[in-house]
Amino acid sequence: MKRMSFAKSDVFIPFSPPCMGNEEEEEVLDSLRSGWITTGPKVKEFEKRVAEYVNAKHAVAMFSCTDAMLLALMVLGIQKGDEIITTPFTFASTGHVICHHGAKPVFVDVDPETFNIDPRKIEEAITPKTRGIIPVHYAGHSCDMDPILDIVQKHKLFVMEDAAHAIGTEYNGRKIGNFGDITCFSFYATKNLATAEGGMAVTNNEEWAKRMRILTMYGISDAREIWQNRYTQAGPIHHDIVELGYKCNMTDLCAGIGIQQLAKLDVFNEMRGGFAKTYDDAFKGHHGFKIPVIKDYTKTTRHLYPLLLNLEYFDIDRDLFINELKENNIGTSVLFKPLHFHSYYANKFSFKIGDFPVAERVFDQIICLPISPKLAKGEIEKVIETLLFVANSFKR
Ligand SMILES: Cc1ncc(COP(=O)(O)O)c(C=O)c1O
């Protein structure tokens, strides 16, 4: 083994810390002082600004992207026994929202370069029970939407996009948020735009937006006006529950943070792009690594930096590689363990190893490196130095 001189980082470098400033702090204080701590004027304003940003007509803020997708499928008319096509290379939410409605997730393997659903494999998964497709814009790199939309049109399906990673992502020069029937974003703590917890569904369909808004507040017909009654002279005295809703509204505390994060989003995404380029330059051509492929059709938000290990090059596997990084104060994440590898999905749908070979191969090799505007350039350089040190120490 060739020894390199190396000093590990003095402090732990986290995988994806949120980047909050004085502006966000002021918004929270403003909400606390005004008394509008739950859904109120800031939620309305945040919805308006996100809709404008992604160029969609309507936006409905919620507690999470998971809630947004759950309600989106409900208004799209998903029924027990329906089949919904998506990818196994995603987070729990994408599969769960299908299962919660009693429908069946039908997985299609991913493209080996983008790790997004492979449009060439979608049609063979369509059956008479197929109702829709959920493309997941993994890592902020858009799916190849044109062939997906062609298939959808041909088979009369719906498209509900899981854009949890993709606020600001573009496909052929247009922002994600205006391609499918409904698009759902996540504003969870690690996301490019973070509101602590939060999500939003955007659509051009007024009826769906109206219904989702009602469903976020128990199914009460005019719930968003009832808060006015509580705090002002306006608003009705009585309300009517028109259907069985949930309770997953966004609070003004979160929306205020979101308004400030949205104002910084393009700069934040640029900074992520700069860090990604630094990683690309460091690992390009190294025989132990494969850097992410970015297709011409997308402008990516670089939500993640997924680096693949060439396992033949090393005498340790991915998990041991991650342990070495952890020992050296570098935080990483494995996104994602494919859904069909999780026992709930494997047991319920009888999935087995080998069903989705591309996603499985990527899973064996992937390490998502720290990336966030909160990190300093020196920290990114330390990550690189540490990876090169570990690579050199465990070269086969
Ligand atoms: C691809 C994907 N979809 C959905 C979600 C769910 O987002 P939320 O935590 O806002 O419900 C996540 C969360 O990380 C995700 O990565």
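General remarks:
- Dipole magnitude of the chain, debye to nearest 20 (Cβ charges: Lys/Arg +1, Asp/Glu -1, about Cα centre): 300 debye
- Ranked by how many other beta carbons lie within 10 Å on average, peptides 348-358, 191-201 from highest: 191-201, 348-358
- Rounded tilt (10° steps) of 252-283 against the dominant C-alpha axis of the chain: 20 degrees
- Cβ-Cβ FRET estimate between LYS374 and ASP266, R0 fixed at 22 Å, reported to 0.05: 0.85
- Amide H contacts for ASP144 (H built 1.01 Å from N in the peptide plane; partners 5 or more residues away or on another chain; cut-off under 5 Å): none found.
- Protection-proxy order for peptides 174-185, 209-220, each taking the mean of Cβ atoms within 10 Å per residue, highest first: 174-185, 209-220
- Cα pair distances in the range 266-393, grouped into 5 Å bins until the bin that holds the longest one, percent each: 2, 10, 18, 21, 19, 13, 10, 5, 2, 0
- Of all beta bridges that DSSP places with both ends in the range 135-228, some 65 percent have antiparallel geometry.
- The chain: antiparallel DSSP beta bridges as a percent of all, rounded to 5: 65 percent
- For the range 295-301, Karplus couplings with θ = phi - 60° (6.51, -1.76, 1.60), whole Hz, Gly/Pro x: 6, 4, 6, 10, 10, 8, 8
- Accessible area per residue for the range 314-396 is 45 Å², calculated with a 1.4 Å probe on protein heavy atoms, without ligands, DNA or RNA.
- Solvent-accessible area of ARG318, all protein chains in place: 20 Å² (probe radius 1.4 Å, heavy atoms, ligands and nucleic acids excluded).
- Adding -39500 (n - 2.57) for every DSSP H run of four residues or longer, then dividing by how many residues the chain holds, sets the calculated 222 nm ellipticity at -12000 deg cm²/dmol.
- Sequence-ordered 3J(HN,Hα) estimates for the range 78-95 from the Karplus curve with 6.51, -1.76 and 1.60 and θ = phi - 60° stand at 4, 10, 3, x, 5, 10, 10, 8, 8, 10, x, 8, 7, 7, 3, 3, 4, x Hz, glycine and proline given as x.
- Cβ-based charge dipole, the chain, positive-most Cα from PHE107, ALA59, ILE316: ILE316
- Averaged per residue, the range 42-158 has 37 square angstrom of accessible surface, using a 1.4 angstrom probe with ligands and nucleic acids left out.
- Probe 1.4 Å - accessible area at LYS395, Å² to nearest ten: 100 Å²
- Ligands, DNA and RNA left out, the 1.4 Å accessible surface of the range 22-262 is 51% carbon and sulfur atoms.
- In degrees, nearest ten, helix 65-75 long axis to first principal axis of the chain (Cα): 50 degrees
- Just checking the listed ones, LEU265, LEU29, LEU335: in the Gaussian network model of the chain with Cα springs under 10 Å, the one fluctuating most is LEU29.
- Of the residues HIS286, HIS96, HIS239, ranked by 1.4 Å probe accessible area with the largest first, the sequence reads HIS239, HIS96, HIS286.
- Of the residues ALA59, ALA376, ALA92, the one that moves most in a GNM of the chain with alpha-carbon contacts below 10 Å is ALA376.
- Distant-in-sequence amide contacts of ALA189, defined by a placed amide H-H separation under 5 Å and a gap of 5 or more residues or a different chain, comprise ALA196.
- Once the Cα atoms are used to define both axes, helix 145-155 deviates from the longest principal axis of the chain by about 50 degrees.
- C-alpha center-to-center spacing [the range 1-59, the range 177-222] in angstrom: 17 Å
- Dipole of the chain, positive end: most advanced residue of ALA359, LEU335, ILE291 [Cβ charges, Cα centre]: ALA359
- The H on the amide N of ASN116, modeled in the peptide plane, is under 5 Å from the matching H of ASP111, each at least 5 residues off or on a different chain.
- GNM top mover of ILE237, ILE167, ILE371 - the chain, alpha-carbon springs below 10 Å: ILE237
The values are calculated or read from the model by the stated rules, or taken from the named source; none is laboratory data. Predicted model only: the values in this text are computed from it and were never measured. Please note: Cβ atoms are built from the backbone with ideal geometry, for glycine as well, and neighbour counts cover all protein chains shown. The accessibility values were calculated without ligands, DNA or RNA, using every heavy atom of the protein model including side chains. Shrake-Rupley method; radii C 1.70, N 1.55, O 1.52, S 1.80 Å.
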